[in-house]
Amino acid sequence: MTKILIGQSVAFGASADELTHETRGAIAIGDDGLILFRGPLSLLPRAFEMSPHEDFGEALLMAGFVDAHIHFPQYRMLAAAAKDLLDWLSRYTFPEEAKYADAAHAADAAEIFLANLFRYGTTSALAFCSSHKTCAEALFNAAHKRNMALIAGKTLMDRNAIPAVQDTVEQGALDTLALHTAFHGKGRLRHAVTPRFAITSTEAQLQMAGEVLQECKGALMQTHLSESAGEIAWIKSLFPNEMDYTAVYERFGLVTDHSLFAHGIHLSARELGALNEAGSTVVHCPTSNTFLGSGLMEMDGRNHIGLATDVGGGTSYSMLQTMGETYKVQMLNGRKLKAAELFFMATLGNAQRLRIDAETGSLTVGKFADIIVLDPAATPVLEARHALSNSIEDVLFALALLGDDRSVKATYVAGEKVHSCL
Ligand SMILES: [Zn+2]
């Protein structure tokens with residue numbers, strides 16, 4: 001049955017500058033989970049007048065957040081203090097990811113992980129799994145049950161890690177191809193070929209990843225690039241003949257227009273040129289970068305930028321907090337972002353980078369109703385600050401800097417309510 005959501009609707013067009021705000025807006029959602037109407041409540045077609053409706057008053061109806069880089073098997077290991085990235089990986093991350101060889105553990109974790117995403121208003125994500133096929137299967141199955149647009153892949157890593165999280169070239173290829181066949185295009189699921197980074201894959205495995213990427217039609221490629229100084233130095237010693245880090249991925253056919261590189265902080269002009277020319281995306285993960293002391297990513301010079309939590313290196317599931325930290329990091333870089341730019345990046349911008357913008361990322365008729373309800377006065381501090389806001393830009397700015405899961409009153413995936421704290 002068609003249902004109607006009523007509230008202040010905030011919707012983006014093709015860019016951050018095209019923002020439509022209705023103080024009394026309505027969204028009609030069909031049986032199939034698609035948006036049938038979005039506009040002022042006064043213009044709601046008569047055919048929908050008798051449909052059940054939920055009135056959220058002054059709360060904001062917006063497109064759900066899209067997280068462009070997150071690690072499912074790190075769902076509970078946030079705030080693990082380490083010296084730097086490499087110390088963090090070996091001390092905490094690999095032992096935790098080793099547990100995902102167990103299908104029952106992975107299935108339980110997937111339920112908790114998705115519940116966390118929805119509680120924080122994230123309705124789509126590009127996720128790393130562990131190196132175990134069971135881990136990716138658990139996440140895909142849990143997301144499919146909720147008709148969620150989720151993209152994931154099993155991590156490829158055949159060196160420089162504990163044996164329990166290593167695969168081989170052959171097993172990595174078999175598992176990746178099997179996952180693509182089983183899940184890519186199943187409902188709203190998509191697949192991503194997922195080498196962790198060039199430190200943990202041999203040249204033979206990177207070569208395989210490039211070949212498998214070509215075979216997996218429509219798949220994305222996700223990996224890490226140029227996050228920390230120690231990592232870059234290690235890459236230099238592992239690949240002494242390459243001119244830089246990006247060149248390693250280029251050599252194996254992994255720098256493409258459907259490739260997403262997390263972090264990309266310390267890139268040379270040559271590397272930026274290569275990434276831009278290929279149409280690749282650099283994914284900014286500010287809470288992770290400051291937590292691990294990796295550096296402050298500049299937005300300048302990067303044509304395509306995604307925004308992400310990078311849980312568990314990142315310290316919050318919240319895309320609101322991620323926007324707030326993006327604002328601060330860019331202020332340190334001498335660039336002042338508008339709230340509308342940040343919200344655009346976290347929704348339609350990321351959906352475009354993940355190639356799921358035809359079905360999600362904005363409140364557009366015909367797309368899936370992946371919708372969140374944000375309360376701009378959810379906490380005493382927000383409430384007091386909200387009283388000073390005199391524009392929708394100001395309301396959004398306060399939410400980005402002060403909001404978190406307490407601001408997310410409800411989350412809908414394909415029209416179904418998957419989280420509510422009302
Ligand atoms: Zn990461």
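Side notes on the structure shown:
- By DSSP, the beta bridges lying fully in the chain are antiparallel in about 45 percent of cases.
- Label-zone membership for region 183-207, site GLU215, 7 angstrom Cα→C-beta point, backbone N under 14 Å: 193-194, 205-207
- Segment ASP102-SER268, length gained on full extension (0.36 nm per residue, minus Cα span): 55.6 nm
- For region 65-317, the extents of the C-alpha atoms along the principal axes are 44, 36, 35 Å, listed from largest to smallest.
- Rounded to the nearest whole Hz, the Karplus-based 3J(HN,Hα) values (6.51 cos²θ - 1.76 cosθ + 1.60, θ = phi - 60°) of region 95-100 follow the sequence x, 5, 5, 4, 5, 8, with x at glycine and proline.
- In the chain, inverting the average of 1/r over every pair of distinct C-alpha atoms gives 21.5 Å as the Kirkwood radius.
- Here's how it looks for ALA59: its modeled amide H is under 5 Å from those of GLN8, which are all 5 or more places away or on a different chain.
- Partners for LYS133 among aspartates and glutamates (Cα-Cα distance below 16 Å; same-chain residues under 8 apart left out): GLU96, GLU97, ASP102, ASP108, ASP158, ASP167, GLU170, ASP175
- Between ALA233 and LEU296, the C-beta separation translates, for a Förster distance of 22 Å, into a calculated FRET efficiency of about 0.70.
- Residue pairs, from the table LYS186/LYS338; LYS154/LYS186; LYS3/LYS338; LYS83/LYS409; LYS217/LYS417; LYS99/LYS328, whose Cα atoms sit over 26 Å apart: LYS186/LYS338; LYS3/LYS338; LYS83/LYS409; LYS217/LYS417; LYS99/LYS328
- Computed from phi, the 3J(HN,Hα) profile of region 349-355 under the Karplus parametrisation 6.51, -1.76, 1.60 (θ = phi - 60°) reads x, 5, 4, 5, 5, 8, 6 Hz, with x in place of Gly and Pro.
- Around the Cα centre of the chain, unit charges on the Cβ atoms of Lys, Arg, Asp and Glu (plus for the first two, minus for the last two) sum to a dipole of about 340 debye.
- Cα Rg, Dmax, region 48-168, angstrom units: 17.4, 61
Laboratory data are not the source of any read-out in this text; all were calculated from the coordinates shown. All values derive from a computational prediction rather than experimental measurement. Methodologically, a virtual Cβ is constructed for each residue, glycine included, from the backbone with ideal geometry; neighbour enumeration extends over all protein chains shown.
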